Structure formats: structure tokens, C-alpha cells
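Before any comments, here is the structure.
The values are calculated or read from the model by the stated rules, or taken from the named source; none is laboratory data. The model shown is predicted, which means the values in this text are computed figures rather than measured ones. Here the Cβ is made from the backbone with ideal geometry for all residues, glycine too, and neighbour counts use every protein chain on show. The area values use the complete protein model at the heavy-atom level, side chains included, leaving out ligands, DNA and RNA. Shrake-Rupley method; radii C 1.70, N 1.55, O 1.52, S 1.80 Å.
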Amino acid sequence: MEYYDTDSVRLSDDENSVIIIDQTLLPNRTKLLYLSSAEEIFEAISSLRVRGAPAIGICAGYAMYVISRRISSSDTEEFLDKLSQVGEYFSSARPTAVNLSAAIGRCLSAAREHKNGSAAEIREILKQTALNIHLEDIHMCLKISEYGLTLVKDGDGILTHCNAGPLATSRYGTGLGTIFLGSERGLKFRVYADETRPLLQGARLTAYELDKAGIDVTLICDNMASFVMNEGLIQAVFTGCDRVAANGDTANKIGTSGAAILAKHYGIPFYVFCPSTTIDLSCRSGKDIPIEFRDGSEIRTMFFSSPSAPEVKCLNPAFDVTDHSLITAIVTENGICLPPFEKSLRGSLKK
Ligand code: MRU
């Protein structure tokens, strides 16, 4: 069994908890957390114990089911009201990844469609919806990875930013899926993983996942990307994303837009990988995507045994928007979208 055949998020056998791997402890410790209360789930999402756009969507799906089992009301109206409140609470945990609010919206719509049923029947619908969100993600990641393999060749050097692997999704991942699938098929890629300041998802998670799978990975600081590109070591940049606007602007981990600007300068293709559930046509451009700002302590003190800077103000946007003009292609489970993205993204959603 490959490392990525296991799930980073799942429902416990007794169905009372969502089980996650605490990603804040990786790579040094692998600890499973059993999340049973709404507060525990909210805390796990907001402090990035579970993270990555698809993974928080899957977590939210199971969370809606788990919490629905704790709502005792037998009056269906009241039950649905309480469920909506829980959904709003979870959605507020992180604003940028559309997968979180979309998964919650999907659960609530499924529940409301059965408003004439009993609370027990609605719970069953919620469980099925959560399982579907999860199974669909597994399927989408595999399809995305297959399409990705048409974009690269054996021996290519690939730069990654943040983590878009199994921990952030299901199984293969999005941005890393092509690399895992290609490696299973005997292709040898050389991956350069940006460490991804300030929370080090590239160093702690991408380097860990690739190394565990026996893939050639070299860790670099974010500000070394230009150096490796200039040296001719990079043939493509692969990233995941948290939300795609109708015009192809994409929000992803802070620093992604810098990598895209560098790629353009050096004439290197810049590919974005995501399930179609990450496309949000209600956002006309990146300007409509809400950006999460996090506590400055993540820059100054987290991961340092003593503060790395004096107590000055810190600005900590968790995401940035990559302009569509910098993106070579957006790869979803429905195929490879090329510019003009206005047209190709809409087309891909119809499939
Ligand atoms: O803050 P994070 O770690 O949740 O940010 C995650 C990313 O930016 C990922 O690249 C994105 O969610 C895609 S995951 C397949």
C-alpha cells in the first residue's frame, strides 16, 4: 500500500468524530485527532491542524454529519435551523478556500431538500453527502493527475509552493498528484519544494510526503526560486489553489503569485491544479476573493525557539492572487483549461 492510499480526513467507525492527522505536528509526530464537538472542529480548521482547500471541504462534510447527530431536536424546522447555524460557524473558520463553504452549502441544500423527512432521515442524507464529497475528491485527484502527466516529461524539474498533496486532499493530491502518479509509472522528477513561509507547509508537508514516497525532493527557501529557475533546474511550476475566479485569477498560499511572476520572467510554464469544486464563478476576478489575514506571531515566533524579530508590527496575509495572465493552464478533473479562461473554465464545468 502506498503512503497516499490512506485518508488524511475520515469518519470514525462509531460516527461520533471526524478523524484527522494533526498537520501542525508533522513531520516530527504523526498524531490522529478525534474531533467531536463543533468547537474542536472549528479550532482544528482555523489553526490548520487540518488544511488544504479540498481537505477542509471533506472535513466540513463529515463535521456537518457528526454535529447533526448531536442536535437532539425532533422538530425538523428547528433541527435545520440549528444545522444552518453550525454551518455558518464552520464557514467562518477560514474564508479563502471556497471548498469549505461550498461543502457546507452542499450539505445544507441536501438537508433542506428533505425537509419533509425526519431528523434521522436528514442525518442519513448528510452522511451520504459527506461520503460523496470525499469519494468525488479521490476520483478528481486521480483524473487531475492523469491530465497533469501530459504536461511534463521524465527527468523534469518541478517547483512546488505550499502543499497540495495527499494531506491537503484525498489520496494523490492536486498539485503533487502528477508527481506521485508519474513516479508510480517509473518517471523520475526532480522536485524543488519552496519551504513556504511562514507556516512551512512546503518544508514540513510537501518535502515529507515526497520523501516518504521515495521521490527526489530538494527543499529551498522561498527566495531561492529565482536562483534555481535561472540555473535551468526548473521546467514547470506546479501549485494547487484555494479559489479560481471566473477570469482565471487564482488564490493560493501567499508567495504563489511571486513564483508565477518569476516563472513568466524565465519562460517556465506555470500550472495550477484543482478540482472543479474550487472554481467559483460568482467571483468575477481575484479582487472578489476574500483573503485571510492571520496573526503576526506566525511570522515572528512560530517555529523559532526564541523570537526571530523584535516586537514590530507584522503583516500576515495567508493567500495571494495570481493574475490569470501569468497562468499557463488550470488543470481540473475535466481537463486542461487554457486561456482565455473565461471561456475554458465555464466549458470545463459543463462536462
Ligand atoms: O493555509 P493552507 O495550508 O490551508 O493553504 C493551502 C494552500 O494554499 C494549498 O495550495 C491549496 O489549498 C490547495 S490544496 C490541494
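Does Gly202 satisfy the condition of being out of contact with any strand residue (DSSP E or B) (no Cβ under 7 Å at 6 or more places or on another chain) and open to solvent by less than 40 Å² (accessible area, probe 1.4 Å)? Don't jump to the end; show me each part of the working.
Working: out of contact with any strand residue (DSSP E or B) (no Cβ under 7 Å at 6 or more places or on another chain): no; open to solvent by less than 40 Å² (accessible area, probe 1.4 Å): yes.
When the stated conditions are applied, Gly202 does not pass them.
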Could you check the range 253-265 and list, in sequence order, the residues that are within 18 Å of the chain's Cα centre (by Cα) and within 20 Å of Pro340 (Cα to Cα)? Ser257
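Name the strands (runs of 3 or more DSSP E) wholly inside the range 293-351 in which the number of residues that are within 16 Å of the ligand (Cβ to nearest atom) is 2 or more.
On the way: elements: 319-322, 329-332, 335-337.
In the range 293-351, 319-322, 329-332 are the strands (runs of 3 or more DSSP E) which contain 2 or more residues that are within 16 Å of the ligand (Cβ to nearest atom).
Is it the case that Leu159 is modelled with pLDDT of 95 or more and outside any helix (DSSP H, G or I)?
Numbers: modelled with pLDDT of 95 or more: yes; outside any helix (DSSP H, G or I): yes.
Taking the combined requirement at face value, the residue satisfies it.
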Would you point out the residue of the range 135-185, among those that are more than 19 Å from Thr328 (Cα to Cα) and among the aromatic types (Phe, Trp, Tyr), that is farthest from the ligand (Cβ to nearest atom)? Phe180
Just one of the numbered conditions (1) of a type in the set (S, T, N, Q); (2) exposed (fewer than 14 other Cβ atoms within 10 Å of the Cβ); (3) touching a Lys or Arg at 6+ places or on another chain (Cβ under 8 Å) is not true of Ser46; which one? (2)
